[in-house]
Structures are given as C-alpha cells and as structure tokens.
Amino acid sequence: MHYTYIIRSLNQPDEVYIGATSDLKNRLTEHNSGKSPHTSKFAPWELECYLAFPDKQKAYDFEKYLKSHSGRAFAHKRLHRTR
C-alpha cells in the first residue's frame, strides 16, 4: 500500500505538512527525528490523517492535489480535525 498523509506540528498547530510514502510509520519517525529538512524546525509532529492507495501513482497524485489551492480547501473542510 501507498499512503498520502497529513501531519500537524504539536508545538505550532497551524503548521501542517502533506506527503506520500509507502512506509507511513517510518516516515513519521523521520519527520520527528529531524531527518526531513522541510519539517525539522516544527517537530514533533502527529499524524492527523492518511489515505491508503493500492497504486503508488494515485497516492502521489492525491498528494499533489492536496497541495493545490482547491486541494487545501478540500483538506481543510473534509480531512483536518476541528479544534
């Protein structure tokens, strides 16, 4: 399986990151250990949501969509937790 995921910074809750991976548990560990330069300054992170796809390309296509303007609106309305 391949995953598109959204993580949220615990220290700065307004910071979210959208990504895709085939190993979700390992990827979250990498984000929290500072191995990703884009997310290291906002660690620690918590998994907010993920979607599983049997096809790698579909996971990466959905990641790309979620990073678009309309995709961010969709995620905000349908995927993010309400605080």
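The values are calculated or read from the model by the stated rules, or taken from the named source; none is laboratory data. Here the structure is a predicted model, which is why all the values come from computation and not from measurement. Here the Cβ positions follow ideal geometry from the backbone for every residue, glycine too, while neighbour counts run over all protein chains shown.
Quick rundown of the values:
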item	result
Filtered residue count, the range 50-71, keeping only those that are over 21 Å from Lys25 (Cα atoms) and crowded, with 16+ Cβ neighbours inside 10 Å	1
Hits in the range 1-25 - residues which are among the small types (Gly, Ala, Ser) and without any contact (Cβ under 8 Å) to a residue 40 or more places away in the chain	Ser9, Ser22
Complete set of residues in the range 1-25 that are in a loop (DSSP other than H, G, I, E, B) and farther than 12 Å from Glu46 by Cα	Met1, Asp14, Ser22, Asp23
Residue within the range 34-41 that is modelled with pLDDT under 95, charged (D, E, K, R) and farther than 16 Å from Glu15 by Cα present	yes
Selection count, the range 32-51, where residues are assigned to a loop (DSSP other than H, G, I, E, B), more than 12 Å from Gly19 (Cβ to Cβ) and among the polar types (S, T, N, Q)	1
First in the range 34-48 and at negative phi, second anywhere and in a strand (DSSP E or B) and aliphatic (A, V, I, L, M), Cβ under 9 Å, 6 or more apart	Thr39/Ile7; Trp45/Ile7; Glu46/Ile7; Leu47/Ile6; Leu47/Ile7; Glu48/Ile6; Glu48/Ile7; Glu48/Val16
Residue list for the range 28-48, restricted to those being of a type outside the set (Gly, Ala, Ser) and within 25 Å of Lys77 (Cα to Cα)	Leu28, His31, His38, Thr39, Phe42, Pro44, Trp45, Glu46, Leu47, Glu48
Scan of the range 1-27 for residues that are within 21 Å of Ala73 (Cβ to Cβ) and of a type in the set (D, E, K, R), ordered by number	Arg8, Asp14, Glu15
